[in-house]
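The next block holds one structure in the form of structure tokens; read it before the comments.
The values are calculated or read from the model by the stated rules, or taken from the named source; none is laboratory data. None of the values given here were measured: they were computed from a predicted structure. We place every Cβ from the backbone using ideal geometry, glycine too, and count neighbours over all the protein chains shown. These accessible areas exclude ligands, DNA and RNA; they are computed on the full protein's heavy atoms, side chains included. Shrake-Rupley method; radii C 1.70, N 1.55, O 1.52, S 1.80 Å.
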Amino acid sequence: QVQLVESGGGLVQTGGSLRLSCAASGSIFSGASMAWYRQAPGKQREFVARIFSGGSTTYADSVKGRFTISRDNAKNMVYLQMSSLEPEDTGVYYCYTFIFAAYWGQGTQVTVSS
């Protein structure tokens, strides 16, 4: 069983920054790719960023150059550093992984005020 717990969300003004954290349980964390998704009110959940076990990363076009995903395998942690935030970044941010099954965290709210 894998458990994911997000933290670090909050209210920030346009142009501000936030750092989200995801604490993962499970000894196979280091071999798994990890991702962040988000869901804005009234919209479908969408991909934000992914980091593979080797450290390579991919990003949604909408966040490239503004967001950075990273991981600390020793601590079983994944991070999402968000900068130059825009109101369109508002939503609930979820940590995700697939290890024989899909696992989602409970989400953390990010609100960017204009």
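When each of 52, 47 is tested for being open to solvent by 50 Å² or more (accessible area, probe 1.4 Å) and out of contact with any Phe, Trp or Tyr (no Cβ under 8 Å at 6 or more places or on another chain), the lone residue that passes is 52.
Kindly indicate whether residue 5 is crowded, with 18+ Cβ neighbours inside 10 Å and either part of a loop (DSSP other than H, G, I, E, B) or modelled with pLDDT of 95 or more (or both). No. When the stretch 8-18 is limited to residues that are open to solvent by less than 80 Å² (accessible area, probe 1.4 Å) and assigned to a strand (DSSP E or B), the one that is farthest from residue 63 (Cα to Cα) turns out to be 10.
Looking only at the stretch 19-47, residues that are in contact (Cβ under 8 Å) with a residue 60 or more places away in the chain and in a loop (DSSP other than H, G, I, E, B) come to 4 in all. When 50, 66 are screened for being free of Cβ contacts under 8 Å to residues at least 24 places away in the same chain and under 12 Å from the mean Cα position of the chain (by Cα), only 50 passes. The residue of the stretch 77-114 that is farthest from residue 39 (Cα to Cα), among those that are open to solvent by 40 Å² or more (accessible area, probe 1.4 Å) and at pLDDT below 95, is 100.
For the stretch 61-76, a residue qualifies if it is part of a strand (DSSP E or B) and either hydrophobic (A, V, I, L, M, F, W, C) or surrounded by fewer than 18 Cβ atoms within 10 Å (Cβ to Cβ) (or both), and the qualifying residues are 67, 68, 69, 70, 72.
Within the stretch 27-42, count every residue that is under 11 Å from residue 75 (Cα atoms) and either small (Gly, Ala, Ser) or surrounded by fewer than 16 Cβ atoms within 10 Å (Cβ to Cβ) (or both).
Total meeting the criteria: 2.
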